[in-house]
Amino acid sequence: MTIKLIATDLDGTLLDDHGDYDRSRFARVYAALRQQGITFAVASGHFAREIAPLFEQYPDIWLIGSNGAELAKATGEVALKTFSTQTLTQIRQALAAYDELQVVLCSDQAVYTTENHSPRIAARLRESYPQLNMVAQLADVTAPIIRVDLHCTPGQTAQCAYELKPKLAGIATPVAMASDMLSLVQPGVHKGTALRALGHRLNVSPAEMLAFGDGTNDLEMLHAVKNAVAVHNAPKNVQANAATVTGTNNDGGVLRYLEQHFLA
């Protein structure tokens with residue numbers, strides 16, 4: 001197969017359960033890929049600025065952050081998909097009935113929440129978001145917003161998403177991020193659209209792309225390419241959407257696949 005662009009999810013795919021990867025092994029694989037003219041991209045639900053330090057040695061790697069809302073490089077080149085002011089107003093109105101939710105507006109550089117949280121909740125949010133800014137009301141935020149995070153009671157993410165999905169239809173899509181958090185992302189914005197946009201920028205077709213994933217938020221990315229690979233720790237429904245299954249994230253399944261197909 002002729003591959004010109006490779007993309008991989010991070011958590012649960014390239015990264016092990018400790019949130020890291022085999023640095024020396026990756027360096028060998030990456031050098032071989034670059035010698036073959038292959039571009040490498042990493043995709044995550046995290047902000048691009050959060051994942052960039054993991055790959056600071058590799059300025060040519062593309063970063064797909066916030067589930068596709070950010071397309072960036074370590075060199076500073078960034079393309080963002082942002083919510084309109086009108087859409088953010090509609091979202092705030094839909095969330096007004098949910099007093100139990102902690103709402104966080106996220107730009108690519110900082111995040112914002114209101115000042116009226118209890119000290120306990122405020123401390124927890126500051127731990128999750130080092131660049132958290134407290135504002136009197138969310139309507140005061142003028143920064144471009146790429147996603148809206150909602151923190152709820154642990155175990156209630158699925159119920160919150162179920163309730164909010166019809167209320168936000170056409171303006172935002174709830175995506176589960178953890179048992180106590182979901183993100184509202186822009187309709188049609190996901191890892192798959194970002195990867196296609198990168199392919200268009202690099203003049204690479206879907207048939208020349210290879211993608212790895214492990215979660216439901218990777219499905220659009222796996223569908224966006226002809227060569228889709230799931231790691232063995234992925235749920236069965238994700239594996240069913242891939243052409244091939246490799247090893248787990250903890251035994252270096254992504255690197256093993258790349259070694260077998262590009263270093264042999």
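Look at the stretch 184-197: where a residue is touching a residue at least 24 places away in the same chain (Cβ under 8 Å) and a partner is among the basic types (Lys, Arg) and open to solvent by 50 Å² or more (accessible area, probe 1.4 Å), sitting 6+ places away or on another chain with Cβ atoms under 6 Å, you get 186/81; 189/81. Are any of the residues in the stretch 69-77 over 21 Å from residue 192 (Cα atoms), open to solvent by 30 Å² or more (accessible area, probe 1.4 Å) and either modelled with pLDDT under 95 or in contact with a strand residue (DSSP E or B) (Cβ under 9 Å, 6 or more places away or on another chain) (or both)? Taking every residue of the stretch 69-77 in turn, at least one turns out to be over 21 Å from residue 192 (Cα atoms), open to solvent by 30 Å² or more (accessible area, probe 1.4 Å) and either modelled with pLDDT under 95 or in contact with a strand residue (DSSP E or B) (Cβ under 9 Å, 6 or more places away or on another chain) (or both).
Residue by residue, here is whether (1) surrounded by fewer than 17 Cβ atoms within 10 Å (Cβ to Cβ); (2) closer than 20 Å to residue 149 by Cα; (3) over 20 Å from the mean Cα position of the chain (by Cα) holds:
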{"site": "172", "(1), (2), (3)": "no, yes, no"}
{"site": "184", "(1), (2), (3)": "no, yes, no"}
{"site": "207", "(1), (2), (3)": "yes, no, yes"}
{"site": "213", "(1), (2), (3)": "no, no, no"}
{"site": "230", "(1), (2), (3)": "no, no, no"}
{"site": "235", "(1), (2), (3)": "yes, no, no"}
{"site": "243", "(1), (2), (3)": "yes, no, yes"}
{"site": "258", "(1), (2), (3)": "no, no, yes"}
{"site": "264", "(1), (2), (3)": "yes, no, yes"}
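Selection of the stretch 22-65 for residues being free of Cβ contacts under 8 Å to residues at least 24 places away in the same chain, open to solvent by 60 Å² or more (accessible area, probe 1.4 Å) and outside any loop (DSSP other than H, G, I, E, B) yields 23, 24, 35, 50, 53. The condition (being in a helix (DSSP H, G or I) and surrounded by fewer than 19 Cβ atoms within 10 Å (Cβ to Cβ)) is satisfied by just one residue among 127, 100: 127.
Against the definition (in contact (Cβ under 8 Å) with a residue 40 or more places away in the chain and over 26 Å from residue 219 (Cβ atoms)), how does residue 109 come out, yes or no? Considered against the rule, which asks whether it is in contact (Cβ under 8 Å) with a residue 40 or more places away in the chain and over 26 Å from residue 219 (Cβ atoms), residue 109 comes out as yes. Taken over the stretch 142-170, the criterion of being open to solvent by less than 30 Å² (accessible area, probe 1.4 Å) and in a loop (DSSP other than H, G, I, E, B) is satisfied by 143, 145, 146, 152, 168.
Checking the structure you have, find out if any residue of the stretch 107-124 is open to solvent by 70 Å² or more (accessible area, probe 1.4 Å), closer than 28 Å to residue 224 by Cβ and modelled with pLDDT under 95. Checking the stretch 107-124: at least one residue is open to solvent by 70 Å² or more (accessible area, probe 1.4 Å), closer than 28 Å to residue 224 by Cβ and modelled with pLDDT under 95.
The values are calculated or read from the model by the stated rules, or taken from the named source; none is laboratory data. Just so we're clear, the structure is a prediction, and the values are computed from it rather than from any experiment. Backbone-built Cβ (ideal geometry, glycine too); neighbour counts: all protein chains shown. Accessible surface is based on the protein model in full, side chains and every heavy atom, while ligands, DNA and RNA are left aside. Shrake-Rupley method; radii C 1.70, N 1.55, O 1.52, S 1.80 Å.
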